[in-house]
Amino acid sequence: MPLFSYCNSFKLFSLTVSLLLLAACTPPEERFSASNEDYCQDITFQTNTTITEQLAPYSPYIKDNKTGVYVLEQGTEAMFTRAWLSEHAEKTIDVQYFIFSTDNIGLLAIDYLVRAADRGVKVRILVDDIMLDAKGDELLTLNAHPNISIKIYNPLANVGKNLLQKLTNLATDFHAFNQRMHNKTFTVDSLVSITGGRNVADEYFGYDHEYNFRDRDALLVGQATQQIEQSFNQFWQHKLSVPVTELLTQTDTNITPNFEKLHQYACNPKHFLPEVRAQIEAMPAAFNLAVESGDVYWLDNVEYVSDAPGKNDAKTFLGGSGIATERLIQLIKQAKSSITIQSPYLITTEISEELFKSLVAKGVEIKILTNSLASNDNLDAFSGYQRSRKALLATGIQIFEFKPDAKIRQKVMSQEMVRQLKQQPIFGLHAKSMVIDDHLTVIGTFNLDPRSANLNTESIVVIPSKPVAKKVKKVMLIEMQPENAWQTTVDWNPDQEVDLSKRLKVKTRTIVPKSIL
């Protein structure tokens with residue numbers, strides 16, 4: 001049983017040691033409860049069609065090197081699409097994520113991957129190492145499936161390391177320890193990819209009971225998928241991506257994988273509602289309807305840009321930049337009239353502030369939506385933003401801060417979850433998107449902070465389309481409205497909307513250098 005997890009916030013620096021100690025002292029939790037009932041016996045798994053068959057009507061576009069683009073705004077449709085693609089894959093599934101949790105969504109996702117592997121589909125899973133909470137025997141059992149391979153990116157912090165080794169790596173190579181793989185891609189049969197802000201966990205798909213993210217992905221069909229596959233292969237073959245069998249001691253060389261408990265968990269209607277399964281089965285009709293409605297765009301020159309593994313050579317301590325950073329700067333500098341941005345974390349430097357200031361001076365209107373203290377799950381990152389906020393506002397840009405009870409959550413949350421809960425969860429922003437001059441849309445993993453610019457590997461998809469830009473910008477502007485966000489000014493900010501204890505916790509983070517946030 002594959003068991004990946006990561007704490008909700010990416011805590012660093014002063015928190016890293018305490019988290020390592022906590023990980024070393026906390027016993028692994030039991031994943032599945034015992035049951036004698038066969039929940040799977042009445043479920044029919046849909047394998048009567050394939051991705052190739054479903055895409056046959058669009059093969060002329062694919063042969064013409066066009067890319068079909070559909071923006072996944074709702075968490076539920078993003079989850080349904082991944083599930084349906086897994087269920088109908090023929091040859092390969094390549095999975096690359098920063099966070100792959102062991103919560104309900106994560107376990108259901110892994111069940112789909114195992115069932116695909118059972119059909120003969122080759123599954124490759126590449127996950128970042130930082131705070132990876134997985135029992136070694138479970139990783140090895142999953143990897144023992146003849147059609148599943150797992151690699152861990154930059155394994156200095158967790159897998160196969162004892163506490164002394166972790167602390168030694170942190171102390172002796174702080175730069176390398178902090179270089180993480182933030183890419184998020186899901187590719188099936190080298191034909192269809194999903195990339196964007198979402199990791200794999202309940203909160204990214206609107207299924208968490210306490211805290212959910214407003215996020216965004218792009219579904220890509222055709223030419224751009226080849227670019228994503230090339231990038232995935234580059235990561236997969238790189239020395240920083242290490243097979244789990246090289247990190248973990250395997251006492252039993254004849255592991256026979258048994259995923260029955262996982263299957264029963266996923267079949268249990270308590271974990272996977274029948275109406276949700278029905279919606280997944282209806283995905284082909286939903287996609288055809290999206291095509292007919294004009295929501296799927298077949299475009300030339302869709303561009304996927306990813307940093308290379310390792311990001312930079314560390315000649316400048318915690319500095320440097322990457323391919324995605326440079327491309328994003330190029331795109332921003334080309335702006336003539338407007339830039340509309342969503343970024344959960346907003347930590348600027350003198351360079352980025354000067355860039356924004358020069359654009360505003362040229363008449364470019366810049367609006368940014370980021371998290372408020374009330375909606376933020378990462379106090380370290382908010383501390384960096386708080387220190388930069390007035391300087392950033394002084395450049396002339398407009399800043400809006402997301403409300404924890406934003407009305408938009410009613411549209412992007414799972415309706416099944418809405419009906420079940422007496423109290424609505426807090427909502428935070430996690431989408432990393434940008435619309436430039438109403439004709440260019442950027443969707444990716446890139447936060448506007450030094451960590452994304454200099455340390456983590458990041459990726460973006462650049463979509464040259466006025467209709468796509470119009471739709472995405474419309475949603476972004478709605479989320480800046482008073483029912484969804486506060487507008488921050490030099491004289492006022494919404495920090496006072498939270499209790500004193502949280503405000504004090506942010507102040508304690510000022511010792512953390514902005515360069516690693």
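The values are calculated or read from the model by the stated rules, or taken from the named source; none is laboratory data. None of these values were measured; they are calculated from a predicted model. Counting neighbours? That spans all protein chains shown, and the Cβs are built from the backbone with ideal geometry, glycine included.
The table below lists the values:
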quantity: Pairs, first closer than 10 Å to F382 by Cβ in region 494-505, second outside any helix (DSSP H, G or I) and of a type outside the set (D, E), C-beta under 6 Å, six or more apart; calculated: D495/L373
quantity: For R409: the one exception among (1) over 21 Å from G68 (Cβ atoms); (2) of a type in the set (D, E, K, R); (3) over 20 Å from the mean Cα position of the chain (by Cα); (4) surrounded by fewer than 24 Cβ atoms within 10 Å (Cβ to Cβ); calculated: (3)
quantity: Selection within region 204-260 - in contact (Cβ under 8 Å) with a residue 40 or more places away in the chain, over 20 Å from M181 (Cβ atoms), more than 18 Å from the chain's Cα centre (by Cα) and surrounded by fewer than 16 Cβ atoms within 10 Å (Cβ to Cβ); calculated: H209, E210, T249, Q250, I255, T256, N258
quantity: Residue satisfying all of: in region 450-465; within 16 Å of the chain's Cα centre (by Cα) and not in a helix (DSSP H, G or I); surrounded by the most Cβ atoms within 10 Å (Cβ to Cβ) among these; calculated: T457
quantity: Single residue of S358, S343, S372, S337 found to be among the hydroxyl-bearing types (S, T, Y) and within 30 Å of T225 (Cα to Cα); calculated: S343
quantity: Some residue of region 129-144 being over 18 Å from A224 (Cα atoms), in contact with a His (Cβ under 9 Å, 6 or more places away or on another chain), in contact (Cβ under 8 Å) with a residue 24 or more places away in the chain and among the small types (G, A, S); calculated: no
quantity: Test: G310 is closer than 26 Å to D128 by Cα, within 24 Å of the chain's Cα centre (by Cα), crowded, with 19+ Cβ neighbours inside 10 Å and not assigned by TED's automatic domain parsing to the domain that holds A224; calculated: no
quantity: Residue check, A134 modelled with pLDDT of 90 or more and buried (at least 20 other Cβ atoms within 10 Å of the Cβ); calculated: no
quantity: Number of the exception - S358 against (1) closer than 25 Å to V512 by Cα; (2) surrounded by fewer than 19 Cβ atoms within 10 Å (Cβ to Cβ); (3) among the hydroxyl-bearing types (S, T, Y); calculated: (1)
quantity: Segments classed as helices (runs of 4 or more DSSP H), wholly inside region 177-287, with at least 2 members that are small (G, A, S) and at pLDDT 95 or above; calculated: 223-237
quantity: Subset tally (residues that are part of a helix (DSSP H, G or I), free of Cβ contacts under 8 Å to residues at least 60 places away in the same chain and not hydrophobic (A, V, I, L, M, F, W, C)) for region 42-96; calculated: 5
quantity: Residue in region 446-454 that is at pLDDT 95 or above, touching a Lys or Arg at 6+ places or on another chain (Cβ under 7 Å), of a type outside the set (S, T, N, Q) and in the same structural domain as Y345 (by TED's automatic domain parsing) present; calculated: yes
